[in-house]
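Below: the structure, in structure tokens.
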Amino acid sequence: LKKAEFYYTVGKHKGSVDAKYLYAALMIEADKDGRRDYLKQMEEAAEEGSVLAMTYLGDSIYDGKWGLPANKDRAYQWWRKAADKGEPAAMYFMSYGYQVGECFEKDYGLSLMYALSSSEYKFPRAFRSLGRAYENGRFVDKDLDAALKYYCKAVELGDFLSLCNIGGIYYWDKEDYEKAWDYYCQAEKAADEGKTKSGLPYRRLGLCYYYGKGVEMDERKAIEYWFKAVKRNH
């Protein structure tokens, strides 16, 4: 951490706006008393053109981190600016926003555009967005094989939540409950290991137990899994 602080300080001194943001992001965790100043530095870095600052400041505003009031509209304003400059994470966030209609009207065409742009940089979650488009036939023809291909690519790149999407296709579309159960168990393992923060894997396993799909029916275990999902704010 001391070496990181040193190099970011040097970067700031030499005029790097990314270094200015990264220094503030490092110090805001280590020096809680100085948070107001570090937040100001983050915003300055974003205003000065750091796409890193735009993207991750938006992420922080979206969730209300570091004492910031949660503000989704403002978060998307930063993400749009970063996406326009080619930042893959920001392009994914824009794809998600247009997909679910968060802060602006749903637009599956724009969602697909941003997902494709993000996927060019191999951003893992962008492939999940592409999978959803093909699974649901949104702006493209429905194609479950293409959806599975994109979901598998997302998992390969480290987006383990896409295991739930693969399981979902086997559960609802192919009615292969044993395969669905297997993918949900893989997703649960990833969640237990901290590779995904979502409670979705626990919800899906609870569903299997509740209806006896791919596993013997057990309502008590279903409820136990759903409580796990609730603890993760699902």
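The values are calculated or read from the model by the stated rules, or taken from the named source; none is laboratory data. Bear in mind that the values here come from a model prediction, so they are computed numbers and not experimental data. Neighbour counts are summed over all protein chains in view; Cβ atoms, including those assigned to glycine, are modelled from backbone coordinates with ideal geometry. Remember, those area values only see protein heavy atoms, side chains included, never the ligands or the DNA or RNA. Shrake-Rupley method; radii C 1.70, N 1.55, O 1.52, S 1.80 Å.
Summary table
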quantity: 3J(HN,Hα) from dihedral phi, the range 229-234, Karplus parametrisation 6.51/-1.76/1.60, rounded to Hz, x for glycine, proline; calculated: 5, 4, 4, 9, 6, 7
quantity: Structure-based [θ]222 nm, the chain - -39500 (n - 2.57) summed over DSSP H runs of at least 4, per residue, nearest 500; calculated: -22000 deg cm²/dmol
quantity: Alpha-carbon spread of the range 124-188, three principal axes, descending order, Å; calculated: 31, 26, 12
quantity: Stokes-Einstein diffusion coefficient of the range 134-234, Kirkwood radius over Cα pairs, 25 °C, 0.890 mPa s, in µm²/s; calculated: 179
quantity: Largest to smallest principal axis extent of the C-alpha atoms in the chain, angstrom; calculated: 62, 39, 30
quantity: Approximate spin-label separation Glu175-Glu224, in nm, with each point projected 7 Å along Cα-to-Cβ; calculated: 3.0
quantity: Over the range 8-132, relative contact order from alpha-carbon pairs under 8 Å, at least 6 apart, %; calculated: 15
quantity: The chain - percent relative contact order, Cα under 8 Å, separation 6 or more; calculated: 8
quantity: Per residue accessible area of the chain, 1.4 Å probe, in Å²; calculated: 55
quantity: Relative contact order (percent, whole number), the range 113-188, Cα cutoff 8 Å, 6+ residue spacing; calculated: 21
quantity: Share of carbon and sulfur in the accessible heavy-atom surface of the chain [1.4 Å probe, %]; calculated: 48
quantity: Spread of Cα-to-Cα distances over 5 Å intervals beginning at zero, given as percent, for the range 28-156; calculated: 2, 12, 18, 20, 17, 12, 9, 5, 3, 1, 0
quantity: Too-long pairs where the Cα-Cα distance tops 23 Å, listed order kept, from Lys106/Lys195; Lys85/Lys195; Lys153/Lys174; Lys20/Lys197; calculated: Lys106/Lys195; Lys85/Lys195; Lys20/Lys197
quantity: Anisotropy class of the range 6-51 from Cα gyration tensor, a/c 1.5 cut; calculated: oblate
